[in-house]
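A short worksheet on the structure shown next.
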Amino acid sequence: MKDETIKILDIVALLKDLPNEKLLRGQIGTVVERYSDTDFEVEFSDNNGKTIFMLTLNTGDIMLLHNELVSA
């Protein structure tokens with residue numbers, strides 16, 4: 001079973017639209033700081049690596065993404 005603990009530099013997806021920040025559900029971000037087991041600073045960037053927005057999100061707002069094959 002894969003460890004679901006979110007860590008710094010993990011890639012996450014946004015689970016809901018954030019219209020005030022102009023971020024859409026499904027956008028990909030990088031965890032740049034871990035404040036607690038449930039709260040993280042996440043950076044969203046464009047295709048050139050330029051930061052679009054950084055904000056604090058909790059585990060209800062993001063989903064950890066995996067890029068390795070694991071058995072279900």
Does any residue in segment 1-30 that is in contact (Cβ under 8 Å) with a residue 24 or more places away in the chain and acidic (D, E) come within less than 9 Å, Cβ to Cβ, of a residue that is assigned to a loop (DSSP other than H, G, I, E, B) and loosely packed, with under 13 Cβ neighbours inside 10 Å six or more places away or on a different chain, and which pairs are these?
-> D10/L65
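Tell me, which residue of segment 34-72 that is surrounded by 10 or more Cβ atoms within 10 Å (Cβ to Cβ) and in a loop (DSSP other than H, G, I, E, B) is modelled with the lowest pLDDT? Outline the logic, then answer.
Applying the first criterion (surrounded by 10 or more Cβ atoms within 10 Å (Cβ to Cβ)) to segment 34-72 yields 34-35, 37-45, 51-59, 61-66.
In the following step, the residues that additionally are in a loop (DSSP other than H, G, I, E, B) were identified as 35, 37-38, 59, 61, 65-66.
On the way: Y35: 97, D37: 93, T38: 95, T59: 95, D61: 97, L65: 96, H66: 88.
Among them, the one singled out is H66.
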Which residues, counting only those in segment 4-30, are modelled with pLDDT of 95 or more and either touching a Pro at 6+ places or on another chain (Cβ under 6 Å) or part of a loop (DSSP other than H, G, I, E, B) (or both)?
-> I6, K7, I8, L9, D10, L15, K16, D17, L24, R25, G26, Q27
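The values are calculated or read from the model by the stated rules, or taken from the named source; none is laboratory data. Note that the structure is predicted; figures quoted are calculated from it, not measured. Glycine gets a Cβ as well: all are built from the backbone with ideal geometry, and neighbour counts include every protein chain shown.
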